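Just below is one structure, and these are the notes that go with it.
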Amino acid sequence: MTHLELHLLATPRATPELRHHLRDHTYEVRLCATELLTNVIDHVGEGTPVTVRVMGTQDHGRTRIEVTDSDPLTAPARLLATETAESGRGLAVLDALTDRWGVDQGPDRKTVWCEIRHRTLREEPPPRTTPPVPLMGL
């Protein structure tokens, strides 16, 4: 099992730093991790302390990404993004790239997580194990 744990402040400068720490991981892992970090910046607040964990297992063939922040009340929500909108696609990207994702909320924290199954380039993605999250704001 590989394991990486980083303690960062959710700032725009932290995004390339996170990508650098994940340079040995797949593009999908890097993209999902930075999308989760960006959601904290945009919806909880810039400068929020976060813990990013990336765990991979050979047994289950999955990589799990977790981003924990100290705001248990701000849950992620998919927004309807227009063609010209500069934001609003993060959770749709997460939904498309991962096998499953979710939120674990505690009294003083929230962890948004996702899992990506390891697969070869020619292998089709597996069927979804969780229903897609409905779009908010319709």
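Each reported figure results from applying straightforward, stated rules to the coordinates on display, with no laboratory input. As the structure is a prediction and not an experimental result, all values here were calculated from the model. Methodologically, a virtual Cβ is constructed for each residue, glycine included, from the backbone with ideal geometry; neighbour enumeration extends over all protein chains shown.
At 0.36 nm per residue, and after removing the present C-alpha to C-alpha distance, how many nm does the segment from Arg13 to Gln105 gain when stretched out fully?
Fully extending the segment from Arg13 to Gln105 adds 30.5 nm.
At a Förster distance of 30 Å, what's the computed FRET efficiency of Leu73 paired with Thr26, Cβ-Cβ distance as r, to 0.05?
0.40
What residues qualify as long-range amide H neighbours of His25, i.e. H under 5 Å apart, gap of 5 or more or another chain, H built at 1.01 Å from N?
Result for His25 returns nothing.
For Ala96 and Met55, what is the calculated FRET efficiency with R₀ set at 22 Å and r taken between the beta-carbons, to the nearest 0.05?
The computed FRET efficiency comes out at 0.55.
Taking amide H positions as placed 1.01 Å from N in the peptide plane, with prolines and chain starts having none, which residues 5 or more places from Asp99, or on another chain, fall under 5 Å of its amide H?
Result for Asp99 returns Glu115, Ile116, Arg117.
In whole Hz, with x marking every Gly and Pro, tabulate ³J(HN,Hα) for the range 27-39 from phi via Karplus 6.51 cos²θ - 1.76 cosθ + 1.60, θ = phi - 60°.
These are the phi-based 3J(HN,Hα) values: 4, 4, 5, 4, 5, 5, 5, 6, 5, 5, 5, 4, 4 Hz.
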